[in-house]
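Inspection log for the structure reproduced underneath, given as structure tokens.
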Amino acid sequence: MTKNGPRPGDRNLITDVDGISVGNATDEKAQSGVTVLRCAGAFIAAVDVRGGAPGTRETEVLACENLVGRADAFVLTGGSVFGLAAADGAASALSADGIGLRLNGKGPAVPIIPAAVLYDLANGGDKTWGETPPYRALGATAVRSASADFKLGSVGAGRGAMAGTVKGGLGSASLMLDEGFVVGALVAANPVGSVFAADGKSFLAWPYELNDEFGGLAPPAVREKADPFPGLSRLNQPTQAGSNTTIAIIATNADLTSVEAKRMAIMAQDGIARAVRPAHTAFDGDVVFAVATAARPLPTEPQSRHKIVARLGAAATDCLTRAIARAVYEARD
């Protein structure tokens, strides 16, 4: 047990992890947007995919058996397949600043920017962009606007998101652990499932809420039994595969290996299952990235190290649960 218990950071954002910044770019006409997480260095990273309809870029480069295993930035974006172009804009902007791999000392810098998309094409806005979708430009803008402070709700990748039948959005949360470790989550919440309990008002994430960060509304004293297909889920409406997704990034200041970062991403997927009912369906493209800045060393003794990694994974799970509820709580029309 920790001395004082985990508590939110000063911002209660993923940027409470030093070395992480976040930028949003929103196209109000299209009601869609892009969110970019920038890394102050090429940080160890991993990814775990659970949804049945993911849309991703450069996920295999993070596999622990492959060469790189690090990332300079991450892109979360609306726009489905069109949104993948946001990573092109982000890559060009970072490369112009000399950020990325230098192979044989020749050619431009090659940034490693894993990306994940959500489907918001049918959620309002003008999508008649023809051959010029806005996402490449939005990706570059989001990179340039990255900072420690950023807005939540209907901005960036969360602008056109839906959470079941209500507005989804962009959410974030953090936890400070007494051992000096910090964990944070960033999410674009667009699940097919519902984020609400049977009363349709209190969040499923309510047991994990800190400091009334998403309204402090407790469920009724006499609770209704949980429905596997809640009324505020899109499963009660005509739905097509690939029409939803929860995409997220978990960050920590711990000096994790790529395998340990993968374990943290795997554990954090349970944060989606806590906050959304049902989760990981064939209609969702649920993806969780994990990134470690390596600012805080871990012990080398195996049992002690595994215990800390487990604690970090548990904290990441709680952060993602809270971030999903915050995304919906902060959303607007």
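Taken together, the values in this text are just the output of simple stated rules run on the coordinates, not laboratory data. Computed from a prediction, not measured in an experiment: that's the story for all the values here. Note that we place each Cβ from the backbone using ideal geometry, even for glycine, and neighbour counts take in every protein chain shown.
Tabulated data
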quantity	calculated
Listed residue pairs exceeding 27 Å between alpha carbons, taken from Lys127/Lys262; Lys151/Lys201; Lys201/Lys262	Lys127/Lys262; Lys201/Lys262
Distant-in-sequence amide H partners of Leu13 (H built 1.01 Å from N, under 5 Å)	Ser174
Given 10 as the ceiling on other Cβ atoms within 10 Å, longest exposed-site-free region of the chain for GluC sites (Glu not before Pro) in DSSP loops	132-333
Estimated [θ] at 222 nm from DSSP helical runs (n ≥ 4, -39500 (n - 2.57)) normalised by residues in the chain, nearest 500	-7000 deg cm²/dmol
Amide H within-cut-off set for Thr245, under 5 Å, with H built and near neighbours excluded	Tyr119, Asn190, Val192, Gly285
For Ser80, Ser172, Ser32, Ser147, order by how many other beta-carbon atoms lie within 10 Å, fewest first	Ser147, Ser80, Ser172, Ser32
For Gly23, net neighbour charge (Lys/Arg +1, Asp/Glu -1) across residues whose Cβ lies under 11 Å away	+2
Integer Hz, Karplus 6.51/-1.76/1.60 couplings in order for region 42-54, x for Gly and Pro	7, 8, 4, 8, 8, 8, 9, 10, 10, x, x, 9, x
Span-like helix ranges in the chain, DSSP H, alpha carbon extent 20 angstrom or more, Kyte mean at least -0.5	258-275, 302-329
Sites Asn4 and Ala63, calculated FRET efficiency, Cβ-Cβ separation with R0 25 Å, nearest 0.05	0.10
Residues Thr56, Thr300, Thr246 arranged by fewest to most Cβ contacts within 10 Å	Thr300, Thr56, Thr246
Region 14-329: proportion of alpha-carbon pairs further apart than 27 angstrom, %	37 percent
FRET efficiency, Ser145 to Arg11 (Cβ-Cβ, R0 22 Å, nearest 0.05)	0.85
Ranking of His306, His280 by count of other Cβ atoms within 10 Å, fewest first	His306, His280
